[in-house]
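Participant: Here it is, the structure, as structure tokens.
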Amino acid sequence: MSSVGSNKGELRRRFRAQQNPFDIQQASERVCRSLRDWFAVSGALREAGAWAGYQALPDEPDLTEAYHDLAMCGICWAYPVVEGEKLRFFEIDDHRNSANWAMGPWGLREPDRGRCREIAVTDLAGMVVPGVAFDRHGARLGRGKGFYDRTLQNFNGTKVGIAFRERLTESSLPLDAHDIHMDWIVTEDEYLRAQHQSYSQTQRKLK
């Protein structure tokens with residue numbers, strides 16, 4: 001394993017070992033509010049179109065309420081299905097209808113491919129992306145499987161990393177050549193824009 005890979009493994013263990021000193025449900029509700037604000041301020045809400053969401057693991061922000069509210073404003077949501085080493089995305093028009101979902105190989109709900117329409121990655125306007133941690137330059141530390149990095153290699157839409165404030169680190173995360181940067185990071189406190197090439201960023205605090 002490379003030194004970068006070793007460092008990533010240690011960081012994953014460290015972040016996962018952290019005890020969350022907060023109510024995850026309440027923090028998720030605040031992340032949902034931040035994401036709704038970001039859609040409004042960034043112009044993404046006016047442009048509408050199809051976006052990719054995700055089904056949250058226990059230590060990730062649950063965006064269910066934001067998906068519902070933004071869908072009422074014209075955003076179409078598609079969710080990932082694991083196939084081989086990549087992700088495919090299927091539209092769900094009513095994510096609260098359990099009949100639209102099936103259990104995936106990682107213990108997460110996935111769209112039922114027999115009921116849901118596939119949306120090509122190239123047709124997505126943007127994607128909200130979970131991660132173990134992010135830094136303020138837009139670097140993402142994933143779970144080590146590489147699904148999102150492979151899927152996003154040639155993706156031209158907007159990439160929004162989603163995290164609790166405790167998972168947004170001030171230190172730069174170690175990177176491999178294939179790692180994909182986010183364009184924006186949204187937490188329960190703020191949304192910030194990453195500028196990858198200069199490794200500078202602008203941020204806007206939420207009131």
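The values are calculated or read from the model by the stated rules, or taken from the named source; none is laboratory data. Please read these numbers as outputs of a predicted model, since none were measured by experiment. Neighbour counts are summed over all protein chains in view; Cβ atoms, including those assigned to glycine, are modelled from backbone coordinates with ideal geometry.
Participant: If Pro174 satisfies every condition in (1) assigned to a loop (DSSP other than H, G, I, E, B); (2) touching a strand residue (DSSP E or B) at 6+ places or on another chain (Cβ under 7 Å); (3) buried (at least 17 other Cβ atoms within 10 Å of the Cβ) but one, which is the exception?
Facilitator: (2)
Participant: Counting just the residues of the range 1-56 that are surrounded by 11 or more Cβ atoms within 10 Å (Cβ to Cβ) and hydroxyl-bearing (Ser, Thr, Tyr), which one comes out modelled with the lowest pLDDT?
Facilitator: Among them, the one singled out is Ser6.
Participant: Counting just the residues of the range 140-154 that are out of contact with any strand residue (DSSP E or B) (no Cβ under 7 Å at 6 or more places or on another chain) and assigned to a loop (DSSP other than H, G, I, E, B), which one comes out surrounded by the fewest Cβ atoms within 10 Å (Cβ to Cβ)?
Facilitator: Looking at the filtered set, the residue picked out is Asn154.
Participant: Out of (1) of a type in the set (D, E, K, R); (2) out of contact with any Asp or Glu (no Cβ under 8 Å at 6 or more places or on another chain); (3) within 24 Å of Arg150 (Cβ to Cβ), what's the single condition that is false for Arg88?
Facilitator: So the condition that Arg88 fails would be (2).
Participant: Can you tell me which residues in the range 156-174 are within 18 Å of the chain's Cα centre (by Cα) and either among the hydroxyl-bearing types (Ser, Thr, Tyr) or modelled with pLDDT under 85 (or both)?
Facilitator: If the condition is that a residue be within 18 Å of the chain's Cα centre (by Cα) and either among the hydroxyl-bearing types (Ser, Thr, Tyr) or modelled with pLDDT under 85 (or both), then Thr158, Thr169 are the ones that fit.
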